[in-house]
1. Just one of [x] 21, 16, 12; [y] 29, 12, 11; [z] 23, 15, 13 is semi-axes √(5λ) of the Cα gyration tensor in Å as worked out from the coordinates here. Which one is it?
2. Leaving ligands and nucleic acids out of the surface, order I13, I52 by accessible area at 1.4 Å, largest first.
3. So which trypsin sites (Lys or Arg not before Pro) in the chain end up in coil per DSSP with only 13 or fewer other C-beta atoms within 10 Å?
4. For the range 31-48, take each phi angle, set θ = phi - 60°, evaluate the Karplus expression 6.51 cos²θ - 1.76 cosθ + 1.60, and give the result in whole Hz per residue in order, putting x for glycine and proline.
5. Accessible area per residue for the chain in Å², computed with a 1.4 Å probe and the full protein assembly in place, what is it?
6. With +1 assigned to the C-beta of every Lys and Arg and -1 to the C-beta of every Asp and Glu, and no other charges, what is the dipole magnitude of the chain about the Cα centre in debye, to the nearest 20?
7. Tell me, what % of the accessible area of the chain is carbon and sulfur with a 1.4 angstrom probe?
8. Name the long-range amide H neighbours of A81: under 5 Å, sequence gap of 5 or more, or other chain; modelled H, no Pro or chain starts.
Amino acid sequence: MNDLTAIYYTANIISDYFAQNVQDQLLKAIGDLPLISVSKKPLDFGRNHTNICVGDTPRSQVNIYRQALTGAKAAKTKYIAMAEDDVLYSPAHFKYRSPPGVF
């Protein structure tokens with residue numbers, strides 16, 4: 001089912017070691033789903049990935065949501081699933097589909 005895009009957003013402030021572990025788990029959890037990352041530094045997840053680098057913008061609540069919205073607007077699928085840079089996700093997170101009209 002390729003009707004969902006994972007949107008990973010990051011301020012690129014967590015340690016490289018932790019970030020790599022989160023990213024590795026994210027790739028396992030999403031399987032073949034498309035992935036869009038929105039980051040302050042360029043990222044490369046490999047296959048089926050698009051990176052939108054927003055540059056060195058200030059850290060703020062507004063910019064967190066701006067990055068999430070940027071990724072959502074770039075998605076070409078019916079559904080999106082948000083993925084933060086400091087959370088380990090299971091495959092179940094990317095299998096759920098809300099009913100039409102529900103956010």
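1. So the structure-derived entry is [x].
2. Values: I13 95, I52 45 Å².
Ranked list, largest accessible area first: I13, I52.
3. On the way: sites: K28, K40, R47, R59, R66, K73, K76, K78, K95, R97; in loops: K40, R47, R59, K76, K78, K95, R97.
Those that pass, being in a loop and sparsely packed, are R47, R59, K76, K78, K95, R97.
4. Residue by residue, the range 31-48 yields x, 8, 5, x, 10, 10, 10, 10, 9, 8, 10, x, 10, 9, 8, x, 4, 6 Hz.
5. Details: 6450 Å² over 103 residues.
For the chain, the per-residue accessible area is 63 Å².
6. Working: 11 positive and 9 negative charges, 76 e Å.
Using only the charged Cβ atoms, the result is roughly 360 debye.
7. On the way: 3700 of 6450 Å².
Its accessible area is 57 percent carbon and sulfur atoms.
8. Residues meeting the criterion, in which the H sits 1.01 Å from N, are T5, A6, I7.
The values are calculated or read from the model by the stated rules, or taken from the named source; none is laboratory data. Just so it is clear, the structure is predicted and the values come from calculations on it, not from any experiment. Methodologically, a virtual Cβ is constructed for each residue, glycine included, from the backbone with ideal geometry; neighbour enumeration extends over all protein chains shown. For the accessible areas, the whole protein counts, side chains as well, though only heavy atoms, and no ligand, DNA or RNA atoms are used. Shrake-Rupley method; radii C 1.70, N 1.55, O 1.52, S 1.80 Å.
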